[in-house]
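This report refers to the structure that appears directly beneath it.
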Protein chains: 2
Amino acid sequence: MAKSVLTPQAADFPRWYQDVVAKAEMADNGPVRGTMVIRPYGYSIWERMQREMDDRIKAAGAKNAYFPLFIPESYLTREAEHVEGFSPELAVVTHAGGKDLEEPVVVRPTSETVIGEFMAKWINSYRDLPLLLNQWANVVRWELRPRVFLRTSEFLWQEGHTAHATKKDAAEYAARIHRDAYEDFMVNILAMPVIRGRKTKAERFAGAINTLALEAMMRDGKALQMGTSHELGQNFANAFGIKYLSAEGQQETCWTASWGTSTRMIGGLIMTHGDDNGLRIPPPLAPIQALVMVVKDGDGVSEAARTLTDELLAAGVRAELDDRTDTAFGRRAVDAELKGIPIRIEVGPRDIAEGKVTLARRIAGGKEPVALGEATALVQRALDDDHQALYDEALAFRDAKTVDVTTIDEAREAAQTGFARIPWATLGVEGEKKLAEAAITVRCLVRPDGEIPESDDEEGAIAVVARAY
Amino acid sequence: MAKSVLTPQAADFPRWYQDVVAKAEMADNGPVRGTMVIRPYGYSIWERMQREMDDRIKAAGAKNAYFPLFIPESYLTREAEHVEGFSPELAVVTHAGGKDLEEPVVVRPTSETVIGEFMAKWINSYRDLPLLLNQWANVVRWELRPRVFLRTSEFLWQEGHTAHATKKDAAEYAARIHRDAYEDFMVNILAMPVIRGRKTKAERFAGAINTLALEAMMRDGKALQMGTSHELGQNFANAFGIKYLSAEGQQETCWTASWGTSTRMIGGLIMTHGDDNGLRIPPPLAPIQALVMVVKDGDGVSEAARTLTDELLAAGVRAELDDRTDTAFGRRAVDAELKGIPIRIEVGPRDIAEGKVTLARRIAGGKEPVALGEATALVQRALDDDHQALYDEALAFRDAKTVDVTTIDEAREAAQTGFARIPWATLGVEGEKKLAEAAITVRCLVRPDGEIPESDDEEGAIAVVARAY
């Protein structure tokens, strides 16, 4: 491959990220500070992520609905911690329809409040529970230090909101989404290893009694929170009057939960699998899995390339023909690498004369001539292997950069390059504050066996600490 | 069926509409004036509409992208007609992140301006054309007289935005989307007859040189605009500098087009097919096509119902089992009628003993016992017939309420109950103004053969006039 068009990761990781987002045509910055434009290639990846996540959410029994963008300011103030957490980030509409509004409305930063209001209307009896809702929407949180996909003033997400009869039901459902929808999606679609744990009190969602998180390691050793599920206790149910008549005829207060994943995951995908030549997109997610490239036209090359593309499509491979021979082949090949297309099949006159094509693999690396008649089967096998290879590579990278430590100083040191694991009994709330001074946070608490502790104080709980996005 | 729970259409059509939207659990009014909550049943219909429309848009070569919700106020003022048209409806954010903003930002009422800005960045040469973009998003237009789905301060839609090398290319693409995506979707999925025509100058989109519309007749004889495609000429290309280098090496200005359909179509669907018992959902759109209802449990009824449901699902029918026998059967049946589920299959102990079930058809009407073994095949046939029946009924209704007239007075008279067709040469701009005093508008201009005139002044053009939503 020719000289890279990207800043190398080792030289300047944030610059590499900016470069690859721009050169792979994933996104642009929007004209209003902190907003982004998701370009067609980036959006086609998001669409596939949405479809896969939506299938999992529906399989867990939740139904999609849509709630308004605008929320009365007074709703937010009903849950004290919630408004305190979100106030600094709110965008407020004060003028509409040619007039100043009597009550300003906020642009939703999240929808617990407005959905709480309607849960209270829709739930009457225990027969209406659980109420399992999900929404795909844009939300706004004004960002002082925006970074495309990772931290933007407007982002796209899904937010699930559920109401249950008991604390146990709410906790189980939040954990179920976390495992069966979120973790399953991240592993099997994004090819990303994730740590499932619980947030410390300091890191919880504003208004939650428990927050579960999925944390991934980026290639600069920093952590990225990929998704969260919150047990909201009865905080929002009390604030909005979400009650039900039990089978025994008693008025009871519901227990609610909420959970979300966003376009931020695209940033995580880029920073987990990308390399100095560009993106590497896991095959289940790739809009184009195999690009059939006409190197040079003539001698039946275009016809052979088209036939092969059709054969791949018929075999269920998302294949596309690139016959733009008015653009230099080298430039097209670099572009395909930048975009992380898993497989390129280069079709040229000399190869075709010998009944061959060249298979170039973005993930496994390397180029090799293969018989035209075997190309489709080889592509299918390569796509299967590539997904596992990406996952294994990311897992090995994370393991190599994760250290078990026993003191706060060691934790601070280790977090400069990766994750540190330290007993929560050693760290504690005070140690957490000390690390915060060095911009290091407790990403989550886990059990020694990798499962999620029942409480912050559970004996043996380990804190995973890191610098984070 | 028991006494209807809805206000009859003939008694009070707007009240019937409100009733059916509420009772079928389609939507609620949001807490901020003019906003709406789309409930899970309504949203499941919208999801299916999105999927079908999206497939057609992609088949026409457009790609999805996402542009920001917030637009700098200064963008809107760059196209004079555009800002004049939208100013009274804008919602403005003046305060964000705890501070007053230096430049207020508007919440997008439509995205021609911000997309124009990025088209100018992305288009360099004729090779980049046509640029065919589409976006699924929420938009905000402050409404003084809101009505759920039909006219809401926030609504969901798709907006296509395309840039072309020539006026002819732009016109042809706008017409192609109008016919191959929009009309095809409305006829084959919504089962709605639509009139394809061009808007008069008075009714055009703010900033367009030509607007094509699709107009449908509601069951109260009023018109509903279901979708529009606009030729924007070089108005936005000039305002935002959308230029390209031609094959001959000349700098040229692009020609742009835009086109949109929205959640308003759900209102159109309801008011086209609904009757005094509730909704009637065309089978291609119905989230549940066949509801298998356990009338009363016992004697293997539940097992038989479950087996039949599985058989229907295996045959590709969207079937659902209703075994909520703790709710009265009558109430469940009324609910299924309200929701417009095309087919109910009632399974009771006496029927099952005779190897039968009862087929109740929402669209064709009537109930009949059928052999259990034949039920699946009969359901499949019924679903096919139902779609055509709904379309035919709506077309016959529209034809019966459409009158050819030769004077403005006759047009005014006929528009009290339906559509009037009057030669544009007779009506003209002056006649259009007179009708406007009686709240009657020219919905569109058509040729005698039903095709779209090339210009407002084309000889023989007929104006279709009506009261409208």
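The values are calculated or read from the model by the stated rules, or taken from the named source; none is laboratory data. Note that the structure is a prediction, hence the values are computed from the model and not measured. When we count neighbours, we look across all protein chains shown, and the Cβ atoms used for this are built from the backbone with ideal geometry, even at glycine.
Just one of the listed residues (A:G197, A:G207) is under 14 Å from A:P453 (Cβ atoms) and either of a type in the set (S, T, N, Q) or more than 12 Å from the chain's Cα centre (by Cα) (or both), namely A:G197.
Output the residues belonging to the stretch A:45-55 that are away from chain B (no Cβ under 14 Å) and without any contact (Cβ under 8 Å) to a residue 40 or more places away in the chain. If the condition is that a residue be away from chain B (no Cβ under 14 Å) and without any contact (Cβ under 8 Å) to a residue 40 or more places away in the chain, then no residue fits. When restricted to residues that are assigned to a helix (DSSP H, G or I) and in contact (Cβ under 8 Å) with a residue 40 or more places away in the chain, the stretch A:158-217 contains 21. Does the stretch A:413-426 include one or more residues that are crowded, with 21+ Cβ neighbours inside 10 Å, in contact with a Leu (Cβ under 6 Å, 6 or more places away or on another chain), assigned to a loop (DSSP other than H, G, I, E, B) and among the hydrophobic types (A, V, I, L, M, F, W, C)? No: the stretch A:413-426 contains no residue that is crowded, with 21+ Cβ neighbours inside 10 Å, in contact with a Leu (Cβ under 6 Å, 6 or more places away or on another chain), assigned to a loop (DSSP other than H, G, I, E, B) and among the hydrophobic types (A, V, I, L, M, F, W, C).
The set of residues in the stretch B:23-44 that are more than 11 Å from chain A (Cβ to nearest Cβ) and assigned to a helix (DSSP H, G or I) contains only B:K23.
Residues in the stretch A:220-241 that are of a type in the set (A, V, I, L, M) and touching a Leu at 6+ places or on another chain (Cβ under 9 Å): A:L224, A:M226. Would you check if there is a residue in the stretch A:313-324 being in a loop (DSSP other than H, G, I, E, B), under 22 Å from A:M26 (Cα atoms) and more than 26 Å from the chain's Cα centre (by Cα)? Yes: one or more hits. Being part of a loop (DSSP other than H, G, I, E, B), of a type outside the set (F, W, Y) and in contact with a helix residue (DSSP H, G or I) (Cβ under 8 Å, 6 or more places away or on another chain) is not true of A:D449.
With a requirement of 1 or more residues that are at pLDDT 95 or above and touching a Phe, Trp or Tyr at 6+ places or on another chain (Cβ under 7 Å), the strands (runs of 3 or more DSSP E) lying completely within the stretch A:342-408 that satisfy it span A:402-404. Could you tell me whether A:V379 is buried (at least 18 other Cβ atoms within 10 Å of the Cβ) and out of contact with any Gly (no Cβ under 9 Å at 6 or more places or on another chain)? Criteria met by A:V379. With respect to the conditions (1) in a loop (DSSP other than H, G, I, E, B); (2) assigned by TED's automatic domain parsing to the domain that holds B:I242, B:V5 lacks only one, and its number is (2). Do we have B:R51 as within 19 Å of the chain's Cα centre (by Cα) and either in a loop (DSSP other than H, G, I, E, B) or of a type in the set (D, E, K, R) (or both) here? Taking the combined requirement at face value, the residue satisfies it.
Within the stretch A:43-59, being crowded, with 22+ Cβ neighbours inside 10 Å and closer than 23 Å to A:V114 by Cα holds for one residue alone: A:I57.
Taken together, A:R147, A:R127 contain a single residue that is among the basic types (K, R) and without any contact (Cβ under 8 Å) to a residue 24 or more places away in the chain, which is A:R127.
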